[in-house]
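Below you'll find the structure, written out as structure tokens, and then a few comments.
The values are calculated or read from the model by the stated rules, or taken from the named source; none is laboratory data. The shown structure was predicted, so the numbers you read here are calculated from the model rather than taken from an experiment. We place every Cβ from the backbone using ideal geometry, glycine too, and count neighbours over all the protein chains shown.
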Amino acid sequence: MRAIARLAAATMLLALLGGCGGADAGNATSATVEPSLGSHTARLAVVGDIACASPNPIGDRCHQRATYAVAAKMKPDRVLVIGDTQYPDSALALYKKSYAKSWGKLKPITFPVPGNHEYKTRSAAGYFDYFGAAAGKRGRGWHATTIGGWRVIGLNSNCDQIGGCEAGSAQAKWLANDLGRHAKFCTLAIWHYPRFSSGPHHNHPKLAHFWSQLNAASAEVVFAGHDHSYERLKAMTSDGKESSSGMPSFVVGTGGVRRYESVTPSSRSLANDRGYGVLQLDLFARGYSWKFVLTDGKVADRGSAACS
């Protein structure tokens, strides 16, 4: 049984969140708390759906500079960007015009995965040109690394562009091999299309096999974007059934490009917010903690969980 399902709702996490004080505790929603996660090993900033073609705000859009400022203030060890890094496509000139002037300042520590807008440029060429080796092998876009003793897996959820995501696909075989070689690690995964979401793009069944693979390997949590809102979801199995043996997930499509006007939370949803913001993810030897920080500095959601 996964540790996150065993944790009862409790007091707000204060001591374990590095840099967090009582000043922002009143802005946080109630969340589960694990009393002993062990030593802190790394801090990550996590977000997707980031830069407009304009490097400056246009009304309620193009607020990537503001979300970058939030991430920079976190002083992360690594940055996980979960697709749709540049709009409307991945032309290299657009990256240089816009993304590079905000989130590009964190490029040396960025671990990215591609979204659908990257593929609006043929073969996501500009994305691979801009991020280089950090994007994984050109034409694939899936890769993995170890951060703070955790295995961090980046998958390409643009299934039609890379030969499928089903059992037997090249990516599924690669994932099985990586999970097998790092079985003792706490594990998280990122990709762009959410397997589950209350947003207008809803659920993506094509990713069910990846979910099953990760779940069978006792991975801790999955992060996605695509829907331009923040959501934390209950632990679920690959078919969408709530289960203590399933995986929890987050949607963090709040990087600045634009916000959705409304999102109706499903019964699977534990927390929601439509503001621009960045997820701070702190990794520990035996678990993780999170807080979703809005561009005005308020914390909309926070909590922690142990590794399974």
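Some values worked out for this structure:
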| quantity | calculated |
| --- | --- |
| From the options SER98, SER157, residue that is touching a Phe, Trp or Tyr at 6+ places or on another chain (Cβ under 7 Å), at pLDDT 95 or above and buried (at least 22 other Cβ atoms within 10 Å of the Cβ) | SER157 |
| Filtered residue count, the stretch 264-292, keeping only those that are at pLDDT 95 or above and polar (S, T, N, Q) | 2 |
| Residue in the stretch 277-295 that is free of Cβ contacts under 8 Å to residues at least 40 places away in the same chain and more than 18 Å from the chain's Cα centre (by Cα) present | no |
| Single match in PHE210, PHE250 (criterion: buried (at least 22 other Cβ atoms within 10 Å of the Cβ), farther than 23 Å from THR295 by Cβ and of a type in the set (Phe, Trp, Tyr)) | PHE210 |
| Residue that is surrounded by 15 or more Cβ atoms within 10 Å (Cβ to Cβ), in contact with a Ser or Thr (Cβ under 7 Å, 6 or more places away or on another chain) and more than 24 Å from ALA305 (Cα to Cα), where the choices are GLY199, GLY164 | GLY199 |
| Condition met for TYR230 (buried (at least 23 other Cβ atoms within 10 Å of the Cβ), more than 27 Å from ALA176 (Cα to Cα), of a type in the set (Phe, Trp, Tyr) and at pLDDT 95 or above) | yes |
| Residues located in the stretch 135-151, provided they are more than 19 Å from ASP89 (Cα to Cα) and among the hydrophobic types (A, V, I, L, M, F, W, C) | TRP142, ALA144, ILE147, TRP150 |
| Strands (runs of 3 or more DSSP E) contained in the stretch 218-260 and holding at least 1 residues in contact (Cβ under 8 Å) with a residue 12 or more places away in the chain and among the charged types (D, E, K, R) | 230-236 |
| Exclusive hit being within 21 Å of LYS298 (Cβ to Cβ) and crowded, with 24+ Cβ neighbours inside 10 Å, set ALA66, ALA71, ALA51 | ALA71 |
| Filtered residue count, the stretch 75-93, keeping only those that are surrounded by fewer than 22 Cβ atoms within 10 Å (Cβ to Cβ) and in contact with a Gly (Cβ under 9 Å, 6 or more places away or on another chain) | 7 |
| Qualifying residue in the stretch 131-140 (condition: in a loop (DSSP other than H, G, I, E, B), of a type outside the set (Phe, Trp, Tyr), touching a residue at least 40 places away in the same chain (Cβ under 8 Å) and farther than 17 Å from ILE50 by Cα) | no |
| When residues of the stretch 162-198 are limited to those that are part of a loop (DSSP other than H, G, I, E, B) and of a type in the set (D, E, K, R), the one nearest to SER269 (Cα to Cα) | ARG195 |
| The stretch 118-149: number of residues that are under 18 Å from LYS97 (Cβ atoms), of a type in the set (S, T, N, Q) and within 18 Å of the chain's Cα centre (by Cα) | 0 |
| Answer from HIS204, HIS182 - the residue that is surrounded by 19 or more Cβ atoms within 10 Å (Cβ to Cβ), in contact (Cβ under 8 Å) with a residue 12 or more places away in the chain and not polar (S, T, N, Q) | HIS204 |
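Conditions tested, residue by residue: (1) over 20 Å from VAL299 (Cα atoms); (2) at pLDDT below 95; (3) in contact with a His (Cβ under 7 Å, 6 or more places away or on another chain); (4) of a type outside the set (A, V, I, L, M).
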site	(1), (2), (3), (4)
SER198	yes, yes, no, yes
TRP211	yes, no, no, yes
VAL221	yes, no, no, no
ALA224	no, no, yes, no
GLY240	yes, yes, no, yes
THR254	no, no, yes, yes
SER262	no, yes, no, yes
